[in-house]
Each structure stands twice: as C-alpha cells, then as structure tokens.
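Step one of this worksheet: look at the structure below.
Where a number appears in this text, it was derived from the coordinates with a stated rule and is not lab data. Note that the structure is predicted; figures quoted are calculated from it, not measured. Please note: Cβ atoms are built from the backbone with ideal geometry, for glycine as well, and neighbour counts cover all protein chains shown.
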Amino acid sequence: MTGMRTALRALAATAAALLAVTALSPTALAHPSEPRAPEEFVSLRSVDPTIVQEMRYTTAHTFMGERVDGYLQPVCVLTRPAARALHLAQRTLLRQGYTLKVYDCYRPQRAVDHFVRWAKDLDDQSMKDEFYPRVDKSRLFEDGYIAEKSGHSRGSTVDLTLVRLPALPTRPYRPGERLTPCFAPRGERFRDNSVDMGTGYDCFDTLSHTDDPRIAGAQRANRQFLKRTLAEVGFVNLPEEWWHFTYRPEPFPDTYFDFPVHRRSVAGH
C-alpha cells in the first residue's frame, strides 16, 4: 500500500503540473446555448482522477499548429462505460508501476470538420516536419489519416499511452520551435514523458501501425503491453495507430455528437 500511496501522490503532482501548462493557453467559455452531452457521458476525472490527461487539441502542439475547434477546456470526456473500463485498466497498471495518459477522448464533429478544412488547404504545412514529414499532404484523405467522420465523436474512443512512475510532466511546446520528425529516435523527437512507443502521438506514418515489423525490442513490447492491458477491459485497438482504442460495445455506435469539450457539457453527470 505504501508504494501505491507514493504512486498516487506522484500522479497528483503530475496532474497539477499539466494543469499549469494547459492553463497557459486561453480557455474559451462554453455558451449556455451550446448542446450538452447525454447523461451517459462523464468527465474521466470524475471516474478516475489518477489517469494523466494531456489534452493536446487544446494546445498549439497539433498537426495543424493550433488549438482545434470545439476543445474549450483540457478535459477528457467519455461515455461512462469507456471511462469505467479505463479505471479498471489503471488499477492494474498502477500496481505495475505505470499510469495511463490520455491525449484525446470524445471529439466533437466541429473538430473533425476543422481537420478536413485544414487538410484541403495544401498551402498550410507549418507542422509537416514533425507530424507528416514523409507524407504528401494531398494524400491525407486517400491514405486514411484524415476523414470526414471519426469514431471519437461517438464518445467511446480514446487516444492514450503509458507513463512509467513516477510520472514527470511533459515539457511545454513552444510555438515556432524547431520541429523534429515524430519517428526520430526518442532522444531527438519532441520529449514526451511516456514510455518509448517508437513514434510520437499523431504521427502520420506507417511506423505508427501497431504491429509494424520495423518496430522491435522495447518499443514493440511497450505497444503490446498497452494493447494487451486495454483488451482485457474491453478496448479494441485501431491497427493503424498504436495510441487509438475503442471500447466495445459502444453505447452510441451510430451517433456523432457535436457538444463542446468543456466541463459544462457533462456537469451533474
């Protein structure tokens, strides 16, 4: 129990540091007339406050180089079954010296629409050197990196990774800093506090395929550990993205929501 208490204290410190970092970005207010989430949606923090949240799309450190439409606060929103399943996985991981870290959870349709508009603007390639250095932007739709609908908008899909305890915070991204390919060696690419998965998050490259044979050793073991742990609680991995998992059965398999990512959307749930 002493080890568990130490891990929880470390996670609390990490969460506070991440909140301080995300607070540097302006936080928009959800207008009272905005749609709210159905009762089946919750804030992940209300189910498991120990899971680290690094909500990338509320920051400029995205493949578009800007905050994504619809992400008004750095809060992970999920359907209740998906959040509870992550809680079960987290309990297992904490005993083994790891924590989950989420990058993205529920994604409003307006955010997906933002991705589509950006992908069609072939002149905007400001983040190419990090996120898609070997992919021609004109092929993002054809190669499957961008689509007009996303499973995230149904509320049971999450992008996440593993962090070894004690968890240190990821350094803040500085807009305009020199970009390094997302598949560069761990010591060269953007310094994330997660275990080495072979690529960074949102890396538009075939090396991000979970079982790509070029990923070996500890990197492959880390991917399989994450996949196996989440499979045990009901999550299915998307083979093209080692970080992408969907809880099954989905409560809303055919509904794409558009309420904003904001605590107000799930207040009282």
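The residue list 38, 259, 83 was ranked by how far each Cα lies along the charge dipole of the chain toward its positive end, using unit charges on Cβ atoms, and 83 comes out on top. Potential lengthening of the chain between residue 60 and residue 34 amounts to 7.0 nm, from the contour at 0.36 nm per residue minus the alpha-carbon distance. As a test of the formula, what do you get for the chain when each DSSP H run with n ≥ 4 contributes -39,500 (n - 2.57) and the sum is divided by the residue count, at 222 nm and rounded to the nearest 500 deg cm²/dmol? It comes out at -8500 deg cm²/dmol, rounded to the nearest 500. Here the spin labels are modelled as points 7 Å beyond Cα on the Cα-Cβ line, and at residue 88 and residue 267 they lie 3.3 nm apart. A simple charge model with +1 on the Cβ of Lys and Arg, -1 on the Cβ of Asp and Glu and nothing else charged puts the dipole of the chain at about 1140 debye relative to its Cα centre. Taking a span of 15 Å or more along the helix axis (Cα atoms) and a mean Kyte-Doolittle hydropathy of at least 1.0 as the rule, the DSSP H helices of the chain that qualify are 2-22. Net charge near residue 170, counting Lys/Arg +1 and Asp/Glu -1 over other residues with Cβ under 11 Å of its Cβ? Summing Lys/Arg as +1 and Asp/Glu as -1 gives +2.
Rounded to the nearest 0.05, the FRET efficiency derived from the C-beta distance between residue 255 and residue 168 at R0 = 30 Å is 0.20. Under 5 Å between amide hydrogens, built in the peptide plane, is the criterion, and for residue 104 it picks out 159 among residues at least 5 positions away or on other chains.
Taking amide H as placed 1.01 Å from N in the peptide plane, the amide H of residue 236 sits under 5 Å from that of 246, 247, 248, each at least 5 places away or on another chain.
Exposure proxy shown here: for 98, 201, 256, the number of other Cβ atoms within 10 Å sets the order, fewest to most, as 256, 98, 201.
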